[in-house]
Amino acid sequence: MRKMLVLAALMASVTGLSRAARAAGWNMPVGVTEVSRDVYGLHMVIFWICVIIGVIVFGIMFYSLFRYRRSKGAQAAHFHEHTTVEVFWTAIPLLILVAMAIPATATLKDMYDASEAELDVMVTGHQWRWHYHYMGEDITFFSNLDTPREQIDGTAEKGENYLLEVDQPLVLPVGRKVRLLMTSSDVIHSWWVPDLAVKKDAVPGFVNEAWTRIDEPGIYRGQCAELCGKDHAFMPVVVQAMEQEAFDTWLAERKQEAAAAASGVDREWKLEELVERGEKVYGSICASCHQADGQGTPPTFPALAGNQAMMDDLDWHIDVVVNGVSGSAMAAFSGTLNPVDLAAVITYERNAWGNETGDVVQPAEIQALIDP
Amino acid sequence: MWEVVKSVLSAFFGVQREQRRRRDFEQGKPGTFIVVGIVLAMLMVIVVMAIAIMAAG
Ligand SMILES: [Cu+2]
């Protein structure tokens, strides 16, 4: 009876402890997808197997140390081998490993099976932001860190989602299989959202597949999980899952916005208009390398303020922004920014921080350059 | 030959009797053990691959 009580108390404290550990955020999250629950389940099963093995092995060891201690006159046994015992302690771990490998492999197979997805999203890592492209929907956008600079510098109190907040999250519908096609435009990044149990490398020149089917609407946060340069910590992932209906509405709104943003390619733009728009584009896309004040961080990221070569050669400047510079950190932006934004940011760079060229680059010129 | 195979298999498993080990070192030629070892290692790779293909299919 007493033993039973002790055992029950032990069990209760163990389950209480594991629950407390989860609440404190020490354990991995259970997540909101079938796969993430499988992964969590595997993690816990294997954890408890390790605990049981640990208790048995160390229990026997400490018991033997105590029971057969020298002060009690214990004598060491001298024998060379015991084949039966050796076979036994080799076969048991083998069986345990196989027993763990079977469910783990089943889950892995499931994780790799991205077939029959209902929605495809291309995820491209950039230094240092994620870019999302809803394939077949013509919706593309960058997802930039949205934590105020003051919080990072320590002059303001840190917010609840410090470094885990973005201006535009990846919006996904719940209950549908979404395929994520991962790649990168520069170095290796890794797209990681613990609640979805998705962590996949984004490698330049390759397309990796992952998939998810989110059960509950909500906001799920993650980070880049592959060291990718100076702002590696400043390119979080935020996924907003919503009901199908809300998602459809969002999609329609985004399409309208995209159409509105891309419109105006044909009309003549004024210098001030372009500079105003270009400043926003510059702030969200270019400033992380070339700095808000245009001073860059030479030699890797050249200064744009007072850059004579850039000011003297307009065509070269346009070419660098539109097509990038191969072999350098400068990416091509023709695929990720629309012609209006491209024209705006180039005009801004030619007329900001004392660069008073007065040049105006019209969106139509860029349009003609991109698809002649 | 069968004895060599048995010795190589028990080396794969990691358990061997002292008297057999001694006998192998006194009577066996290193060449036969190396050849049998390579053949059995390739066989094991084939078996593991077959199991993996079966499980995937
Ligand atoms: Cu990264």
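Coordinate-derived values only; no laboratory data. Just so it is clear, the structure is predicted and the values come from calculations on it, not from any experiment. Cβ: placed from backbone, ideal geometry, glycine included. Neighbour counts: every protein chain shown.
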Rg and Dmax in Å for the stretch A:171-216, alpha carbons only: what are they?
11.4, 34
Estimated Rh, the stretch A:10-76: Kirkwood, alpha-carbon pairs, angstrom
14.8 Å
Note to self: C-alpha centroids of the stretch A:264-324 and the stretch A:25-82 sit apart, in Å, by 60 Å
Quick check for you: which residues of the stretch A:33-70 have the amide N under 14 Å from the point 7 Å beyond the Cα of residue A:99 toward its beta carbon?
A:45-54, A:56
0 to 90° range, to nearest 10: angle between helix A:339-351 axis and chain A longest Cα axis
70 degrees
May I ask which residue of A:328, A:87, A:258 lies farthest towards the positive end of the charge dipole of the protein assembly as shown, with charges of +1 (Lys, Arg) and -1 (Asp, Glu) on Cβ and the Cα centre as origin?
A:87
Pairing the Cα long axis of helix A:244-262 with the longest principal axis of chain A, what angle in degrees results, from 0 to 90 and rounded to the nearest 10?
30 degrees
Could you compute the FRET efficiency for residue A:153 and residue A:276, with r as their C-beta to C-beta distance and R0 at 22 Å, rounded to 0.05?
0.25
Computed label-point distance, nm, for sites residue A:20 and residue A:258 using a 7 Å Cα→Cβ extension:
5.1 nm
Name the lysines eligible as straight-distance cross-link partners of residue A:230: C-alpha to C-alpha under 23 Å, and not fewer than 8 places from it in the same chain.
A:158, A:199, A:200, A:280
Would you list, by chain and number, the lysines whose Cα falls below 30 Å from the Cα of residue B:6, excluding same-chain residues fewer than 8 positions away?
B:29
Where Rh is the Kirkwood radius over the Cα pairs of the stretch A:31-111, the temperature 20 °C and the viscosity 1.002 mPa s, what D in µm²/s does Stokes-Einstein return?
134 µm²/s
Using the alpha-carbon atoms, what tilt in degrees (0 to 90, nearest 10) does helix A:34-67 show relative to the longest principal axis of chain A?
40 degrees
Relative to 2.2 N^0.38 Å, what does the C-alpha radius of gyration of chain A come to as a ratio? Two decimals please.
1.37
For residue A:334, the net charge from surrounding residues (Cβ-Cβ under 14 Å; K, R +1; D, E -1) works out to -4
Once the other residues with Cβ under 13 Å from the Cβ of residue A:250 are scored (Lys, Arg +1; Asp, Glu -1), what is the net sum?
-4
Counting only other chains, and only Cβ atoms inside 10 Å, what mean value do you get across the residues of A:79-86?
3
